[in-house]
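These notes are about the structure you will find just below.
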Amino acid sequence: MDIILLGPPGAGKGTQAQRLVEHHGMRQLSTGDMLRETRKADTELGRKVAGIMDSGGLVSDEIVSAMIDAKLSDMGPEVGAIFDGYPRTAAQADQLDEILAKHGRQLDHVIELEVDEDALVERITGRFTCAKCGEGYHDVFKQPKQEGVCDKCGSTEFKRRPDDNEETVRTRMQEYRGKTAPILPGYEARNIVTRVDGMASIEDVTHAIDAILAG
Ligand code: AMP
């Protein structure tokens, strides 16, 4: 089963994708994570990607679609893909259709996490992750059980994303509204969109997504 998790920055796509990986053995394909790897490299592309990400703008469709194509080439048909943060434009949505067809796959569900935009800035600016295992935390909503120690792997190092500041978040939301939200009607016409209340608790959102996958 291949699905898209759609929603503005901070809607909980990454958190839910990780849970789907753990519970259902699916694979998370996050173009944001792939680009964070790319920007680490001291190359022209790395620097270009870093500049775009720090501004909150979008990296070129060709670059992100090529990354998705490459990842799907490594995956057997039995492993479901969770597209997280992709597609983000109409061109990417078209490219994804072509890529899936090429790999003999098809999109089963587009799950839209609906959230109150005012809450997103607080959600995003407070979030941090374990530097070792990537477990997600939040200053207000999800502190580690023992202060400064990752619940999952015991590491004491944490990190924050450089683009999780208020100014960049506002630009990322504008990009979502202007370029990503308009791809929804095309999926609606195919009857594969389900909306989930992304303001509910992490557990409740997971249950709602599980119910959709169970059909
Ligand atoms: P994310 O981790 O999904 O919030 O993505 C972080 C940043 O990476 C975005 O603000 C964009 O600059 C870039 N990015 C991630 N995915 C895409 C995509 N599908 N298309 C264009 N840019 C992307």
Next on the checklist: Placing unit charges on C-beta atoms (Lys and Arg positive, Asp and Glu negative, everything else neutral), compute the dipole magnitude of the stretch 87-180 about its Cα centre in debye, rounded to 20.
Outcome noted: 400
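What is the fewest-to-most order of 184, 20 by other Cβ atoms lying within 10 Å of their Cβ?
Values: 184 15, 20 23.
Fewest-to-most ranking of 184, 20: 184, 20.
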Item to check | Dipole magnitude (debye, nearest 20) for the stretch 23-163, charges at Cβ of Lys, Arg, Asp, Glu | outcome: 620
Checklist entry - So what does the Cα-only Debye profile of the stretch 164-215 read at q = 0.21, 0.23 Å⁻¹, as log10 I(q)/I(0), no solvent term? => result -0.94, -0.97
Checklist entry - residue 71: which lysines have alpha carbons under 25 Å from its alpha carbon, excluding same-chain residues fewer than 8 sequence positions away? => result 13, 40, 48, 102, 132, 179
Checklist entry - In what sequence do 192, 111 fall when counting other Cβ within 10 Å, fewest first? => result 192, 111
Checklist outcome for this item: Quotient of Cα radius of gyration and Kirkwood radius for the stretch 106-168, i.e. Rg/Rh, equals 1.07
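So what is the calculated 222 nm ellipticity per residue for the chain, using -39500 (n - 2.57) for each DSSP H run with n of 4 or more, over all residues, to the nearest 500 deg cm²/dmol?
Numbers: 9 runs with 97 residues, N = 215.
The per-residue figure over the chain is -13500 deg cm²/dmol.
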Checklist outcome for this item: Counting only DSSP beta bridges fully inside the chain, the antiparallel percentage to nearest 5 is 30
Checklist outcome for this item: At the level of C-alpha centres, the distance separating the stretch 138-215 and the stretch 66-123, in angstrom, is 14
Item to check | Quarter of the Cα convex hull surface for the stretch 40-168, i.e. its orientation-mean projected area (nm²) | outcome: 10.1
Next on the checklist: Using Cα-Cα distances under 8 Å and only pairs 6 or more residues apart, what relative contact order does the stretch 99-202 have, in percent?
Outcome noted: 37
Checklist entry - Of 185, 133, 43, which is farthest on the positive side of the dipole of the chain, counting Cα position, with +1 on Lys and Arg Cβ, -1 on Asp and Glu Cβ, and the Cα centre as origin? => result 43
Next on the checklist: At a threshold of 8 angstrom on Cα-Cα distance, excluding pairs fewer than six apart, so keeping six or more, what relative contact order does the chain reach in percent?
Outcome noted: 30
Checklist outcome for this item: Honestly the chain on the Cα gyration tensor test (a ≥ b ≥ c root eigenvalues; a/c under 1.5 rounded, otherwise a/b vs b/c for prolate or oblate) is just rounded
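Each reported figure results from applying straightforward, stated rules to the coordinates on display, with no laboratory input. As the structure is a computational prediction, the values presented were derived from the model and not from experiment. All Cβ positions, glycine included, derive from the backbone under ideal geometry; neighbour counts span all protein chains shown.
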